[in-house]
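Remarks on the structure that follows.
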Amino acid sequence: MIMTNKIPKDSLGSPFSKWELTVKETFALDGLYKRIHDFLVEEQWKDLNGGDVDSGGDEFEDYYFQRTQGDMKFHVIWWRATKRPKIHGNKYVQFYLILDMVTQALKDKEVIHNGQKIGLHNGEFKVNAQLFLVDEDPNSPGNAQWNEHPILSFVKKRFWNRENKGVMGACKGELMKFSNDLYELIQRYTGVLPEGPVRDFSPVKGTHN
């Protein structure tokens, strides 16, 4: 099911944070898939169907394609998610996540881990993330009709900034931290960052192979 039309692209503007990561390591694709999913749920992101996690609001996958050529697999995976900031006092700020993942020439590979044979994948994995911070407040300086008024625009802008500047700053900090944490999660799980906790290669049931 394609859900991308539910992201208000006209109001997104430029990404607040964006990055691209290419992985050429041996890792478990299904395990990484599960790790990212669980991280989004833990951070209270929801899919674009509007439900909460308990009612199936964690169906982040917007598009999944897999092609097999000989012993190689190629994937195109799109995830879309949204959430309200955690900070109290926020009513109108909305976060959006566009996460596109592509694999190239992925091959199955077996390794011995803790005395057990584990099935992994080897090839190229590329992820592109874009995170957006959208202000949906009808009275914010960028949205309100009074913004065009030569006098009211000045008064309203000063009042709105005084009341909301701290809230917006906290929202930006929250989104940037999430962006950095997601980037590091993928790095560590795939072995791009070897330092830190021991990598968990264990396969995860119920995810795509």
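Of Leu133, Leu120, Leu97, Leu106, all but one fail to be of a type outside the set (S, T, N, Q), part of a strand (DSSP E or B) and without any contact (Cβ under 8 Å) to a residue 60 or more places away in the chain; the exception is Leu97. Of the residues making up region 65-94, those that are assigned to a loop (DSSP other than H, G, I, E, B) and in contact (Cβ under 8 Å) with a residue 60 or more places away in the chain are Pro85, Lys86, Ile87, Gly89, Asn90. Assessment of region 78-89 against the conditions (farther than 16 Å from Trp45 by Cβ and surrounded by 13 or more Cβ atoms within 10 Å (Cβ to Cβ)) yields no matching residue.
Among the conditions (1) closer than 18 Å to Phe178 by Cα; (2) in contact with an Asp or Glu (Cβ under 8 Å, 6 or more places away or on another chain); (3) modelled with pLDDT under 90, Val41 misses just one, which is (3).
For region 90-104, which positions are closer than 19 Å to Glu20 by Cα and surrounded by fewer than 17 Cβ atoms within 10 Å (Cβ to Cβ)? Those that are closer than 19 Å to Glu20 by Cα and surrounded by fewer than 17 Cβ atoms within 10 Å (Cβ to Cβ): Val102, Gln104.
Tell me, please, whether a residue that is within 17 Å of Glu184 (Cβ to Cβ) and either at pLDDT 90 or above or in contact with a Ser or Thr (Cβ under 9 Å, 6 or more places away or on another chain) (or both) can be found in region 48-64. Scanning region 48-64 turns up no residue that is within 17 Å of Glu184 (Cβ to Cβ) and either at pLDDT 90 or above or in contact with a Ser or Thr (Cβ under 9 Å, 6 or more places away or on another chain) (or both).
Quick check: anything in region 177-198 at pLDDT 75 or above, closer than 16 Å to Gln44 by Cβ, surrounded by 14 or more Cβ atoms within 10 Å (Cβ to Cβ) and of a type in the set (S, T, N, Q)? Checked against the condition, which is being at pLDDT 75 or above, closer than 16 Å to Gln44 by Cβ, surrounded by 14 or more Cβ atoms within 10 Å (Cβ to Cβ) and of a type in the set (S, T, N, Q), region 177-198 yields at least one hit. For region 126-148, the condition holds for at least one residue, the condition being that it is under 19 Å from Arg35 (Cα atoms), surrounded by 15 or more Cβ atoms within 10 Å (Cβ to Cβ), among the small types (Gly, Ala, Ser) and modelled with pLDDT of 70 or more. Filtered by the rule that a residue be touching a helix residue (DSSP H, G or I) at 6+ places or on another chain (Cβ under 8 Å), modelled with pLDDT under 85 and not in a loop (DSSP other than H, G, I, E, B), region 4-38 gives a lone residue, Phe27. Within region 77-133, restricting attention to residues that are within 14 Å of the chain's Cα centre (by Cα) and of a type in the set (Phe, Trp, Tyr), the residue that is nearest to Gly13 (Cα to Cα) is Phe132.
The values are calculated or read from the model by the stated rules, or taken from the named source; none is laboratory data. Owing to the predicted nature of the structure, the values given are computational and were not obtained by experimental measurement. Here Cβ is always computed from backbone atoms with ideal geometry, including for glycine, and neighbour counts include all displayed protein chains.
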